[in-house]
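Heads up: the structure comes next, in structure tokens.
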Amino acid sequence: MNKARLTFYVTLALGLQLLVSVGLSSAAITFYYRDTVLPGTSVQGVDIGGLKADEAEKVLRDALPWPSPESLLMLVDPEGQPTHIRYGDIDYRADYHVTVKEALRHSQKTAAWNNIGALFGAMHHGCDLPLVKTFDNVAFTRILDKLSDKYNVPARNAQFAFNGNNVILFQDSKGRQLDTEGTVKQLMDLPVDEHRLVLRFKTVEPDIRISDFNGINSRLSIFVTQFDPTNRARSHNIELASKLINNVIVPPKQVFSLNKVLGPRNRERGYLQAPVIINNKLTSDFGGGVCQVATTLYNAVSLAGLTVVERVPHSLPVPYAPAGKDATIAGDFIDFKFLNNTDFPVLISSQVQQGKLLVSIFGHRQGASARLIKIETERLITKPTRKYVQEEGLVPGQVVVRRPGRDGYQLKTYEVIFENDKEVERRLISQTVVDPEPEVIAVGPGVHTKGLVKK
């Protein structure tokens, strides 16, 4: 056997012997720390390294005694307002047995043969573990839910008021909401000698910030319509819709959708049944009266000089607005929309006062303005025809008006702009054609009229 081959076999034998020795040593170490805590291990600063499981548990009980169930735990908010609960209320206790099991699991993992470097590192540097605690999560969560009314603070939206046409703004403020999940975690991490738990909160942002009003300094327009307050169902619907659009801010170059703001008009959303116009007839449906809100808003928008994107008139005249100045909405297929065509936000103000609906548009106005916007309409009336129908069951000579008929009309609406009392622009903003509805008169035997139809 040559020298090189001999050297190879000797080196291989020594390597195998070293691996076997290390493996046996690691196996022995792993077996040893099966029920003995690794040196350098502590729990919240209490050294339990080198101790058997039962010894380590006794040391922890003596060094980290747990308060009795009658002990008080103080819950405090960020301002220091306290609420006291008993440990027993949430079955709050230390689990020394599980804590030692975690220490042994850590020891066994560190002492594994393929982690020999970590073994010596852990023994040298040490490892401090937390004391495992348990509590009744359901009971603690129930307590926190009851405290939420005491500690929660709602966010306050920026507000505005107006004196004449001038705007006064009020600063917004953030709110807070008790963070149940975060507070539970805070309790789990609370040191054994700490009996004061600072509650965790989430920040609640306001929906309307003072910056949202940036540039709003004047009332651009106001339009008022009247309604019968004794019609309670219709009045209720008007007030409900008015509240929903009140204080809505439309950013620059954005489109406002009335349907989107109001949502479905149904019983679930608080609307009542009241008269509505459907298919050229007056009937009853949920949300009757909301179209008056649409009409009042439409006129305020037009007077403010904003761009109407979508507007559909009623098929019948309405008593609360000038001819050609009404707007209807229905379901999710007929909407009223307008574009804020300015470089500043605009705000809708909608108020109900003693049978009157007042809708204002607030926005930005550069100094004093001599600009006046008027709405003018042209209306061409078409009279209905009359139709006689002979009906069985009527007595001789009897005449019954089954349908009174309705005028037809062609309506053109213009926006007219004056500057210094001089007309500078006239723009057609809508054109509506409504066909006349014939008058239907039922007659009994013996009545002879031109064009009589037998039924």
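The values are calculated or read from the model by the stated rules, or taken from the named source; none is laboratory data. None of these values were measured; they are calculated from a predicted model. Every residue, glycine among them, receives a Cβ derived from its backbone with ideal geometry; neighbour counts consider all protein chains shown.
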Handout entry: Scope the stretch 95-120; condition surrounded by fewer than 19 Cβ atoms within 10 Å (Cβ to Cβ), at pLDDT 80 or above and hydrophobic (A, V, I, L, M, F, W, C); matching residues
Key = 98
Problem - the stretch 418-455: number of residues that are under 28 Å from residue 381 (Cβ atoms), part of a loop (DSSP other than H, G, I, E, B) and at pLDDT 80 or above - result: 3
Completion exercise
For residue 240, the lone unmet condition from (1) farther than 24 Å from residue 155 by Cα; (2) at pLDDT 90 or above is (1)
Exercise for the section: Give the residues of the stretch 263-306 that are assigned to a helix (DSSP H, G or I), surrounded by fewer than 19 Cβ atoms within 10 Å (Cβ to Cβ) and touching a Phe, Trp or Tyr at 6+ places or on another chain (Cβ under 8 Å), sorted by residue number. Expected result: 267
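Rundown of residues vs (1) touching a Leu at 6+ places or on another chain (Cβ under 9 Å); (2) within 16 Å of residue 357 (Cβ to Cβ), yes/no style:
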site: 209; (1), (2): no, no
site: 215; (1), (2): no, no
site: 220; (1), (2): yes, no
site: 227; (1), (2): yes, yes
site: 237; (1), (2): yes, yes
site: 242; (1), (2): yes, yes
site: 246; (1), (2): no, yes
site: 257; (1), (2): no, no
site: 263; (1), (2): yes, no
Problem - Long-range neighbours under 7 Å by Cβ, at least six apart or interchain, first residue farther than 12 Å from residue 43 by Cα within the stretch 93-107, second of a type in the set (Phe, Trp, Tyr) and crowded, with 19+ Cβ neighbours inside 10 Å - result: 107/33
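Say whether the condition of being free of Cβ contacts under 8 Å to residues at least 12 places away in the same chain and surrounded by fewer than 21 Cβ atoms within 10 Å (Cβ to Cβ) is met by at least one residue in the stretch 343-350. First the steps, then the outcome.
Residues of the stretch 343-350 free of Cβ contacts under 8 Å to residues at least 12 places away in the same chain: none.
No; the residues of the stretch 343-350 include none that is free of Cβ contacts under 8 Å to residues at least 12 places away in the same chain and surrounded by fewer than 21 Cβ atoms within 10 Å (Cβ to Cβ).
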Handout entry: Unique match (being over 24 Å from residue 224 (Cβ atoms), more than 24 Å from the chain's Cα centre (by Cα) and among the charged types (D, E, K, R)) among 356, 325, 281
Key = 281
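Pull up the stretch 194-221, narrow it to residues that are outside any strand (DSSP E or B) and in contact (Cβ under 8 Å) with a residue 60 or more places away in the chain, then point me to the one that is farthest from residue 138 (Cα to Cα).
Here is the first cut: in the stretch 194-221, the residues outside any strand (DSSP E or B) are 194-195, 199-200, 205-217.
From what is left, the residues that are in contact (Cβ under 8 Å) with a residue 60 or more places away in the chain are 195, 199, 212-217.
Values: 195: 20, 199: 17, 212: 41, 213: 44, 214: 46, 215: 50, 216: 49, 217: 52 Å.
Among them, the one singled out is 217.
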